[in-house]
């Protein structure tokens, strides 16, 4: 899997949930990706 595959996947699946722990309490946060693109780096 390369960067283009990752960008394509995130654009097709923009909603995700991130689960973490805060001490002994679980936390779940929803995220919505607006749009992913690959930018050329300045040389």
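Against the condition in a strand (DSSP E or B), surrounded by 10 or more Cβ atoms within 10 Å (Cβ to Cβ) and without any contact (Cβ under 8 Å) to a residue 40 or more places away in the chain, how does residue 6 come out, does it pass?
Spelling it out, it is not the case that residue 6 is in a strand (DSSP E or B), surrounded by 10 or more Cβ atoms within 10 Å (Cβ to Cβ) and without any contact (Cβ under 8 Å) to a residue 40 or more places away in the chain.
Can you list residue pairs whose Cβ atoms sit under 9 Å apart, with the first residue in the stretch 13-42 being within 18 Å of residue 3 (Cα to Cα) and the second being surrounded by fewer than 10 Cβ atoms within 10 Å (Cβ to Cβ)? Count only pairs 6 or more apart in sequence or on different chains.
14/31; 14/32; 14/34; 14/35; 33/13; 33/15; 38/3; 38/4
Since every read-out is calculated from the coordinates, none of them should be taken as a lab result. Here the structure is a predicted model, which means the values were calculated and not measured. Glycine also receives a Cβ, built like all others from the backbone with ideal geometry; neighbour counts cover every protein chain displayed.
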